[in-house]
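Following: one structure in structure tokens, then a few remarks.
The values are calculated or read from the model by the stated rules, or taken from the named source; none is laboratory data. Since the model is a prediction, treat every value here as computed from it, not as a measurement. As a convention, Cβ positions derive from the backbone with ideal geometry for all residues, glycine included, and neighbour counts pool all protein chains shown.
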Amino acid sequence: MKKISPHTMRPNFRRSFTLIELLVVIAIIAVLASMLLPTLSKAREKALESKCANNQKQIGMATLMYFSDHDDCFPTDNSGSKRCWVRGVAPYLGLANIINAKNTALISTIPPAMAGALLCPADILHANAGGAYTVCSYGICYYMRSCVGNPTYYAERITEVVRPAEKLYVADGIGLTASATNDVLNPNSYVYLAGTSYPFRVDANRTARVDYRHSGLKTCNILFADMHVGSQDINKMRLKPWMVMPKER
């Protein structure tokens, strides 16, 4: 008679985790996640900031091409509209389709999906605005525009700007306006940045201002008048009201 090995008589089973072991594994995963999430969040913020800086570089290149075609003049503002600078650079950004059919100084309403370099990826307010506004995440220097008729403060040509590498031309900006039907603040399509606006005057109405939307809401990206892009800290910005004055020495 064939002998049966005692090992073959043992039931075949796999050892399962105990509850304590499972809890330990879950605790380790939670600790690792808590360590990684801040790093991942910072990496995401940095990616958005880099994309925004790239947008401003595109706007800078488009503005340089505009200068070349218009005798070094800033995008025209002969109608008194802030929208003119967008209209001027739009064709150079591949956004000629946003100019309305009448070819006036105004820009037709466009949704965020069509805004291209005009929409900062960290600008949640404009990104959620739908098609109700002409989306533009950036504010323009109030004093750098053509056809303003005031040679004392304004620069109509880039050649009139003193120390252009230190002067703000375009920056992360936000404008808010109350809805006609409720108290919800809606984003303005365009923003002027001037010496009378925040942060250059800390007591200014902040519904139209430089928007510190990067690095944990502490920095903004700036396209300077020499068309290089840099980041500026909120506290340092407050000390430099001359940044928006093109002829200030």
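Would you confirm, using the coordinates I've provided, whether I174 is outside any loop (DSSP other than H, G, I, E, B) and out of contact with any Asp or Glu (no Cβ under 6 Å at 6 or more places or on another chain)?
no
What number of residues in region 122-157 are over 21 Å from T63 (Cβ atoms), part of a loop (DSSP other than H, G, I, E, B) and at pLDDT 80 or above?
Total meeting the criteria: 1.
Check off (1) modelled with pLDDT under 80; (2) closer than 23 Å to A47 by Cβ; (3) surrounded by 14 or more Cβ atoms within 10 Å (Cβ to Cβ) for L118 and give me the number that stays unchecked.
Result: L118 passes all but (1).
Pull up region 139-162, narrow it to residues that are touching a Ser or Thr at 6+ places or on another chain (Cβ under 9 Å) and surrounded by fewer than 16 Cβ atoms within 10 Å (Cβ to Cβ), then point me to the one that is nearest to N221 (Cα to Cα).
R157
Please state which of the following conditions K82 fails to meet, knowing it meets all the rest: (1) modelled with pLDDT under 65; (2) under 19 Å from F224 (Cα atoms); (3) touching a helix residue (DSSP H, G or I) at 6+ places or on another chain (Cβ under 7 Å).
(3)
Select from region 186-243 the residues that are out of contact with any strand residue (DSSP E or B) (no Cβ under 7 Å at 6 or more places or on another chain) and of a type in the set (D, E) and write down the one among them that is surrounded by the fewest Cβ atoms within 10 Å (Cβ to Cβ).
Once the filter is applied, the top-ranked residue is D203.
What do you reckon, is A165 surrounded by 15 or more Cβ atoms within 10 Å (Cβ to Cβ) and at pLDDT 85 or above?
no
Does K247 satisfy the condition of being outside any loop (DSSP other than H, G, I, E, B) and of a type in the set (K, R)?
Criteria not met by K247.
Would you check if there is a residue in region 52-75 being at pLDDT below 90, surrounded by 17 or more Cβ atoms within 10 Å (Cβ to Cβ) and not charged (D, E, K, R)? Let's see the steps before the verdict.
Here is the first cut: in region 52-75, the ones at pLDDT below 90 are 75.
If we keep only those that are surrounded by 17 or more Cβ atoms within 10 Å (Cβ to Cβ) too, we end up with 75.
Keeping just the survivors that are not charged (D, E, K, R) gives 75.
Yes; the residues of region 52-75 include at least one that is at pLDDT below 90, surrounded by 17 or more Cβ atoms within 10 Å (Cβ to Cβ) and not charged (D, E, K, R).
Looking at (1) surrounded by fewer than 22 Cβ atoms within 10 Å (Cβ to Cβ); (2) modelled with pLDDT of 90 or more; (3) of a type in the set (D, E, K, R), find the lone condition where D183 falls short.
Against the list (1) surrounded by fewer than 22 Cβ atoms within 10 Å (Cβ to Cβ); (2) modelled with pLDDT of 90 or more; (3) of a type in the set (D, E, K, R), D183 comes up short only on (2).
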